[in-house]
Every structure is written in structure tokens, then in C-alpha cells.
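Take a look at the structure set out below.
The numbers here are math on the coordinates, done by the rules we state, and not lab data. In this text, all values refer to a predicted model and were calculated from it rather than measured experimentally. Don't worry about glycine lacking a Cβ; one is built from the backbone with ideal geometry, like all the others, and counts go over all protein chains shown.
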Amino acid sequence: MFAKAKKTIPGLIVFIMILAAGLFLARPRIIYGNPTGEIPFSMPDEIGGYKAVKILFCLNDQCAYAFRETDLMTTVDGEKKVADECPKCGALLSPVSIGEEKLLPNNTPIFRREYTKQGRPPILVTIVFSGIERRSIHRPQICLVSQGNRILNEYSRNFNIDKKKKLQLRILEIHQILGSGDDQETVVLPAIYTYWLFNPERETDSHWKRFLYMAIDNSFRNYRPRWGYVSISIPRNQTNPDAWNRQLDEFLPFLYPFISELREKLDEQRNITTVIDSSSAELNINQGEVEVKTQNPSSKDANRKEL
Ligand SMILES: [Zn+2]
């Protein structure tokens, strides 16, 4: 009996340590990094000769097409305005896609523009920010697939930003599948989806590394800044399937300085403190002005409408 008790002691010690760590992190405490503060950023109107266009999404998940605002101009009573209904199916259009509305927590700040240049495929740039709530940033390997895309290949690649700086991006070769409803024609679009993640101090193309950094910074330093998640989508030309490489080589050195500047500005908020307790998810407010954020018409409300 004594031997048995001896065996259980290490397990018990580990259990007590986990419990203590949990209680330690759950106590009300002060964190640094201002995760609910202002995001001093707006998408640039031009990046390296590419012009910015706003994008609107169809909220019907059987259709889910994306449209350029410039293609949605209509004239109502002699006044030009942007259509608010999908030209394909008539559902409502929104600056936040249906996948984002479903998956992201309320108040997730999203910045997005499509960048177009004569003779080049368009480049869609999206930056999503985490607050206190960590679910704001998802592994695309999960949410791309849940939105009906297929991942064909995945790897990391380095890009030269300038003579000294290299930036590693995660590259996903995907098939976007649109219009899967019965009355819609299904369209398969080969595309590149690529991303990296940053906070004022760190940069990585690995979601696992981000989780590790967050755990270390949060547990040992009480440092919990916002993380930004930059994703870039480029349609893939079937006759020239590697052209996106050269396009990103050209585009990233122009995009990157905007992100560097943003990281410096976020770092200036480092000493702004927030008091949190175990129910920190309730603190997922966003104090800054943001062009687009998720609103999550909750499923409860949707059900109520049906009743
Ligand atoms: Zn539609």
C-alpha cells in the first residue's frame, strides 16, 4: 500500500502544480500591451503602384461571392451608390465575409483591401487583430477548409524585403470553391493564400509559435499585446502557375514598411495597462475606431427570427 501511494505522489505533485498555475493565472492581475486599445492603422490607398479597392461579400453561404465595390455601383434616383445586394443571388452584402462572421468573436477588427494594377492579378490583403480574446486569429488550415476551400500544398518561403531583412511567409496552395448551391454554377479557382503573424516584438509564420510566444509573454511577463494576422490571396494563373512568386517578390517590399510602422505605433502603447480576471473574454471590447469589425448576429437572434 505504501508503494502504491509512493507511485501516485509524482502525479499528485504535477496535478497540484497545474492547479496552482491555473489559479495563479486566473487571479485578477494587471497586463501590459493594451490588447483592447486603438489600432493606429488604415489600409494604404496605394502600395507600389497597386490601387486599393474595397471588397464586399455575399452573406449567402451557398453563394459567398466577393465583389469589388467599383463593380457594384448603381444609380438610384440619379445618385450613384454601392449596391447592397448580391448581383448573383440577391442576398445582403457585407464587408465581413460569412465565414468571418461565423468563426470570429464579436468586435474582431478587420482591415482589408484588394490591390489592383494593370496587367497583374489582383492581390487581396486582410489584416485581422486579436484582442483579449485569442480566438480572433484562426489557423487558416482549419477555417479555409470550413469555408469550402481545398488545400493542395503547404510550405514556408523567405522573401527579401530589403538588403538586410528577410520575411518568412507560410504559403498555402488552395482551390477556392464558390457557388456550391444547387441553382448555382460551381466555380473552382486555384489561388495562393499566404500569411504571417506579428505583434510589436515578434514575427512568425507559425501559429504554433504564436501560441508559444503568447503563453510565455502572458504567463511570465504579463505582456499581452495585440497580434496581427496578415493574409494575402492571389488568384493563380493556370498557364503561368508560378507567376504569384514574382508578384509577391515585387509587392511585399512595398507592403512591409506599413506593417513595420504599425508595429512601432502599437509598441508605443506597451505601458498602457489593463486589469483582467478569469472572465477576460468579456473584456473583448475594442476602444479604437475601426472601419470593419465582426458583429455576429448571434445564432439565438437568427433562431428567434425563424420562430
Ligand atoms: Zn450571392
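The distance between label points at Ala21 and Glu79 comes to 5.9 nm (points 7 Å beyond Cα on the Cα→Cβ vector).
Less than 13 Å Cβ to Cβ from Thr194, Lys/Arg counted +1 and Asp/Glu -1: what total charge do the surrounding residues give? Intermediate results must be reported in sequence, preceding the final value.
Working: positive: Arg157, Arg170, Arg236; negative: Glu154, Glu173, Asp205, Asp249.
Taking every other residue near Thr194 into account, the sum is -1.
Maximal additional length on extending the Ile142-Arg246 stretch stands at 34.7 nm, based on 0.36 nm per residue less the C-alpha distance.
Which number do you get for Rg(Cα) / (2.2 N^0.38 Å) in the range 197-269? Walk me through the intermediate numbers first.
Details: Rg = 15.7 Å, N = 73, 2.2 N^0.38 = 11.2 Å.
Cα-based Rg divided by the globular estimate yields 1.40.
FRET efficiency for the pair Thr186 and Glu46, taken as 1/(1 + (r/R0)^6) with r the Cβ-Cβ distance and R0 = 25 Å, rounds to 0.10.
Could you tell me whether the range 84-187 comes out rounded, prolate or oblate from its Cα gyration tensor? Rule is a ≥ b ≥ c as square roots of the eigenvalues, rounded for a/c under 1.5, then prolate if a/b exceeds b/c, otherwise oblate. The shape class here is prolate.
At 24 angstrom or more along the helix axis (alpha-carbon based) and mean Kyte-Doolittle of 0.0 or higher, what helices does the chain contain? Whole DSSP H runs only.
2-26
Between Phe24, Leu12, Ala91, the Cα set farthest toward the positive side of the dipole of the chain (charges on each charged residue's Cβ, about the Cα centre) is that of Leu12. Does the range 1-146 come out rounded, prolate or oblate, given a ≥ b ≥ c as the square roots of the eigenvalues of its C-alpha gyration tensor, rounded meaning a/c under 1.5 and, failing that, prolate meaning a/b above b/c? Prolate.
Sorted from largest to smallest, which semi-axis lengths in Å does the alpha carbon gyration tensor of the chain give for its equivalent ellipsoid, taking the root of 5 times each eigenvalue?
Value: 38, 25, 22 Å, ordered largest first.
Its Cα centre serving as origin, the chain has a Cβ charge dipole (Lys and Arg +1, Asp and Glu -1) of approximately 1620 debye.
Starting from the Cα-Cα distance between Asp61 and Val292, subtract it from 0.36 nm times their residue separation and give me the gain in nm to one decimal. Before the final figure, lay out the partial values.
On the way: separation 231, 0.36 × 231 = 83.16 nm, distance 1.98 nm.
Full-extension gain reported as 81.2 nm.
Taking Cα centre as origin and charging only the Cβ of basic (Lys, Arg, +1) and acidic (Asp, Glu, -1) residues, the dipole magnitude of the range 1-122 rounds to 1080 debye. Think of each Lys and Arg Cβ as +1 and each Asp and Glu Cβ as -1; about the Cα centre, that makes the dipole of the range 112-157 roughly 120 debye. Place a point 7 Å from Cα of Glu264 in the direction of its Cβ. Which residues in the range 25-44 have their backbone N less than 12 Å from it? Output list for this probe position: empty.
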